[in-house]
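The values are calculated or read from the model by the stated rules, or taken from the named source; none is laboratory data. Everything quoted here is computed from the prediction, not taken from an experiment. Every residue, glycine as well, gets a Cβ built from its backbone with ideal geometry; the counts of neighbours run over all protein chains shown. Heavy atoms of the whole protein, side chains included, go into the accessibility calculation; ligands, DNA and RNA do not. Shrake-Rupley method; radii C 1.70, N 1.55, O 1.52, S 1.80 Å.
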Amino acid sequence: MSDQLVRLDIKNNIATITLNRPNVKNALNDAAHEQLYDAFEEADERTDVRVIVLTGSGDAFCSGADLKSIDIKDMENFNYGRALRETYNKLITLMTHIGKPIIAHINGIAVGAGLSIALACDYRVANKEALFGLGFLKIGLVPDAGMSYFLPRLVGYPKALELAVKENFSANEALAMGLINRIDHVEELIQKCLALPPTAFRLMKNNFRESYDHHLAEILEMEVTAQREAGESKEHRKALEFFVNKGKR
């Protein structure tokens with residue numbers, strides 16, 4: 001990538017995507033959006049990548065949209081809806097269709113759409129100094145970038161409403177309400193994800209996501225289809241062979 005607003009580093013089957021605008025707390029402008037989308041797309045397509053880690057440079061994860069990058073003269077006619085469709089909506093849709101484990105390593109502040117992006121990841125690990133917040137209402141806007149979808153499902157409708165008017169909150173608070181999976185020890189989770197069977201994880205992730213929007217009967221059929229594919233995978237055959245041989249010892 002030319003201007004390294006987003007870095008993609010691939011090593012040992014791990015794709016680390018780093019937001020690289022520390023001077024603005026890794027806020028996303030149009031160019032950063034494009035690079036972030038491209039990084040996720042490449043990580044998804046690379047056969048040597050088994051786990052994707054998203055983090056930020058400096059002392060921030062992501063402070064959301066870089067509103068200061070919009071020319072003040074254009075603000076009156078700025079179309080927020082169109083901007084969402086062209087940036088965050090494309091990105092979140094891509095992320096949720098990636099079958100590989102995506103871990104948000106929240107190394108600092110994650111607010112606004114920056115928090116939305118973290119919620120779209122499969123797992124969230126925060127440094128103990130991390131801070132979280134929505135912040136949308138403070139500037140007269142509504143939560144976006146998937147926040148309205150993910151947040152109530154993670155913490156419940158009443159808690160989501162509370163967080164919308166709450167000041168920034170700590171990693172300990174985020175952990176207590178189930179917004180993040182753990183504090184620190186991200187490497188341990190990365191190694192666990194590396195050991196997962198890729199086919200089964202991809203199918204499971206899809207079924208879990210789709211369960212929000214389908215009836216039980218439909219999910220049962222999706223499980224039939226998924227289990228058929230998983231049962232034909234080389235990972236299952238290898239695990240089954242190991243299990244059977246182990247029992248003969």
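What's the whole-number percent of alpha carbon pairs in the range 102-249 lying beyond 19 angstrom?
I get 62 percent for the Cα pairs in the range 102-249 exceeding 19 Å.
Where the centroid of each part is defined by its Cα atoms, how far is the range 12-52 from the range 167-213 in Å?
Result: 18 Å between the Cα centres.
Hey, in the GNM for the chain with a 10 angstrom Cα cutoff, which one of Ala83, Ala171, Ala145 fluctuates hardest?
Ala83
Can you list which of the chymotrypsin sites (Phe, Trp or Tyr not before Pro) found in the range 205-249 are DSSP loop residues with at most 15 other C-beta atoms within 10 Å?
Tyr212
Can you give the FRET efficiency to the nearest 0.05 for Asn23 and Ser211, using r as the Cβ-Cβ distance and R₀ = 51 Å?
0.80
Mean residue ellipticity at 222 nm from the helices of the chain, using -39,500 (n - 2.57) per DSSP H segment of n ≥ 4 over the full residue count, to the nearest 500 deg cm²/dmol?
-14000 deg cm²/dmol
Using a simple spin-label model with points 7 Å from Cα along the Cα→Cβ vector, what separation in nm is obtained for Arg7 and Phe243?
Roughly 4.2 nm, to one decimal.
Each residue of the range 216-223 in turn: what ³J(HN,Hα) in whole Hz from Karplus with 6.51, -1.76, 1.60 and θ = phi - 60°, glycine and Pro shown as x?
These are the phi-based 3J(HN,Hα) values: 4, 4, 5, 5, 4, 5, 5, 5 Hz.
For the pair Asp48 and Phe78, how long in nm is the line joining their label points, each one 7 Å along Cα→Cβ?
Simple spin-label model gives 4.0 nm for this pair.
For the range 8-90, what % of the accessible area comes from carbon and sulfur atoms, probe 1.4 Å?
In the range 8-90, the share of accessible area belonging to carbon and sulfur is 43 percent.
Treating the Cα atoms of the chain as identical point scatterers in vacuum, please give the log10 of the normalised Debye intensity I(q)/I(0) at q = 0.09, 0.11 Å⁻¹, two decimals.
-0.43, -0.63
Could the peptides 97-106, 174-183, 226-235 be put in order, highest first, of the mean number of other beta-carbon atoms found within 10 Å of their residues?
Packing order, densest peptide first, comes out as 97-106, 174-183, 226-235.
Given a 1.4 angstrom probe, what's the average accessible area per residue across the chain, in square angstrom?
56 Å²
Working out 0.36 nm times the residue gap between Thr225 and Ala176, then minus their Cα-Cα distance, what length gain in nm do you get to one decimal?
Using 0.36 nm per residue and subtracting the Cα-Cα distance, I get 14.1 nm.
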